[in-house]
Amino acid sequence: MILKTYSRLFSHDCDLTLETLERLHGRKAHLRFKFGDWDLTGIGDMFVVAGTEESLAPIRDSHGPVIVQDIEALQAELLASGATITQAIVTVPTGRMLYARHADGLHIEYVEWTDALVEKFIRAPQREGRLASEL
């Protein structure tokens, strides 16, 4: 059910953060887009969320994103395990997402990517023998 996991990094300056991460990874970010007040970037297994302190405050306690195959099936599993959905399923530039607080208190963002993104960043690299962390 889980296709890829990212470690979320919060930043106030995406370009500055990305400059360092691209140097350390030895390649450019594979994903970058704006969503609301945030500048979002994926590189390897890191996901930068950049914005003002005020715009980042609502998600500061969260982890992820965790890329999943089927967001509805995931939601059902989460609810069955005692999780609380803190952000209902919504459409985002990369597909659909939700936030859930697990019974143990972990707050996690789950995203179901579009078919095109799954092909580009999961399936095609797998066929080439590359790891998702090598993106």
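Things to note:
- If you wrap the tightest convex hull around every Cα atom of the chain and split its volume per residue, you get 106 Å³.
- Carbon + sulfur, % of accessible area of the chain - ligands and nucleic acids excluded, 1.4 Å: 54 percent
- Relative contact order for the chain, counting Cα pairs under 8 Å that sit 6 or more residues apart, in percent: 23 percent
- When the helices of the chain are scored as -39500 (n - 2.57) per DSSP H run of n ≥ 4 and the total is divided over every residue, the value at 222 nm lands at -6000 deg cm²/dmol.
- The stretch 1-47 and the stretch 53-120: distance between their alpha carbon centers, rounded to Å: 17 Å
- Residue (of P125, V49, A103) at the positive-pole extreme of the chain, dipole from beta-carbon charges: P125
- Peptide packing: for 37-49, 84-96, the average count of neighbouring Cβ atoms within 10 Å per residue gives the ranking 37-49, 84-96, highest mean first.
- Only the Cβ atoms of Lys and Arg (+1) and of Asp and Glu (-1) were treated as charged; on that basis the dipole of the stretch 1-104 about its Cα centre amounts to roughly 280 debye.
The values are calculated or read from the model by the stated rules, or taken from the named source; none is laboratory data. Values in this document were obtained by computation on a predicted structure and should not be read as measured data. Positions of Cβ are backbone-derived with ideal geometry, glycine not excepted, and every protein chain shown enters the neighbour counts. The protein model used for the area step is the full one, side chains on, heavy atoms only, and it has no ligands, DNA or RNA in it. Shrake-Rupley method; radii C 1.70, N 1.55, O 1.52, S 1.80 Å.
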